[in-house]
Amino acid sequence: MTIVVTGAAGFIGSNIIKGLNKRGITEIIAVDDLTDGNKFINLSDLQITDYVDHQDFYELFRAGAYGKVEAVFHEGACSDTMETDGRYMMDNNFTTTSSLQKSCVLQNTRLIYASSAATYGGSSVFKETPEFELPLNVYGYSKLLFDQRMRALYGPHFERAANQIVGFRYFNVYGPREQHKGRMASVAYHQHEQFKEFGRVKLFGEYGGYKAGEQMRDFVYIDDVVEVNLWFLDHPEKSGLFNLGSGRAQPFNDVALAVINSELAHKGSVHAGKPQKLDLAQVVSQGLIEYIDFPESLVGKYQCYTQADLTALRAAGCSHAFKSVEQGVSAYMSALHSSN
């Protein structure tokens, strides 16, 4: 079984390859842009059969150059939500994906692609129906437009698709292999780096009617994201657009607390001590969290609350149990420490 993963050296793409490898699947064509050569590290411990530059792949795939491809995991995109070049964003996230989808139809190949919770933008309801889709930036719109295209072609739940097509609206994904993402890396990663350098972490102060650090997001651990992707690989009869989050909104304070306690526990284990877990009041009183003014550049463009409605995912039959922030961040910090 040959599988294609685009964005293969990226965060989610490389973790999907890792998940496939765990199943013994190594006939994988990795597609990416390694202009940033440092991203190679995400592929260096994985088993693939071919690497193809993204500028070459799409035309070759359309021409059938790779023989029978069972499925494409399309994770390649411009994921910088702060990018304002709309032409660049639409070319990467809409035009390229539309071309790939047409090729998948020609090649009789299943398509499992990355949408985004950014399609909801200013909405307070996170359900996969048009009335709740209010993107706040061109990134969110570029993802929404492809979702809309699939609905127009195949029906509201992609029910008319001859071959499987699945779109995942990823919420706030965090975990190993995101170190190359810079400012777009998860808050957990940035807080780990801040704590290493400064001995404290930074969070936004009051904004949008939320107290300092109390803005809430649906944080979902990368291993859970991979498991759901692979569940759909196992169920080719399932198509549709699905939220992929934990289904649980937690405040940024929870992430900071989990990071700080994990870091303190790591220091304690290094020094043969076993520090007790601190609560929020304790970390704030000890100066381990620094609340900063909300940046003007994000005013009106920031989601203060997200929580994936998992009704559609559960109705499809996927019963995967998602990690809480406490569980996921602890696992993530352990992975970061073991890689240092």
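Quick note: the coordinates plus some simple rules give every number you see, no bench work behind them. These numbers come from a predicted model, not from an experiment. Cβ: placed from backbone, ideal geometry, glycine included. Neighbour counts: every protein chain shown.
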Ascending count of other beta-carbon atoms within 10 Å, so fewest first, for Ser330, Ser44: Ser44, Ser330
Take the alpha carbon gyration tensor of the range 1-78, find the square roots of its eigenvalues, order them as a ≥ b ≥ c, and report rounded if a/c is under 1.5; if not, report prolate when a/b exceeds b/c, else oblate. oblate
Full extension between Lys68 and Leu34 adds, at 0.36 nm per residue less the Cα distance, a length in nm of 9.7 nm
To check you understand DSSP bridge types, tell me what percent of the beta bridges within the chain (both residues inside) are antiparallel, rounded to 5. 10 percent
Does a label point 7 Å from the Cα of Asp56, set along Cα-to-beta-carbon, have any residues of the range 28-42 with amide nitrogen under 18 Å, and which are they? 28-37, 40
List Met184, Met216, Met1 from most exposed to least, where exposure is judged by having the fewest other Cβ atoms within 10 Å. Met1, Met184, Met216
Protection proxy ranking of 156-165, 244-253 - average other beta-carbon atoms within 10 Å, highest first: 244-253, 156-165
If packing is taken as the average count of other Cβ atoms within 10 Å, what order do 3-13, 187-197, 132-142 fall into, highest mean first? 3-13, 132-142, 187-197
For Cα pairs less than 8 Å apart in space and 6+ apart in sequence, what is the mean separation divided by the residue count of the chain, i.e. the relative contact order in percent? 17 percent
Hey, rough spin-label estimate for Leu153 and Asn21, points 7 angstrom out along Cα→Cβ, what's it come to in nanometres? 3.2 nm
Please compute the net charge surrounding His337, taking Lys and Arg as +1 and Asp and Glu as -1 over other residues with Cβ under 14 Å from its Cβ. 0
Segment Met184-Ser339, extension gain: residue separation times 0.36 nm, minus the distance between their alpha carbons: 53.7 nm
Could you work out [θ]222 nm for the chain from helices alone, using -39500 (n - 2.57) per DSSP H run of at least four and dividing by all its residues? Round to the nearest 500 deg cm²/dmol. -11000 deg cm²/dmol
State the label only: which of (i) 330; (ii) 136; (iii) 188 corresponds to volume of the Cα convex hull per residue in Å³ computed from the shown model? (ii)
Hey, with R₀ at 30 Å, roughly what FRET efficiency would Lys301 and Ser99 work out to, going by the Cβ-Cβ distance, to 0.05? 0.55
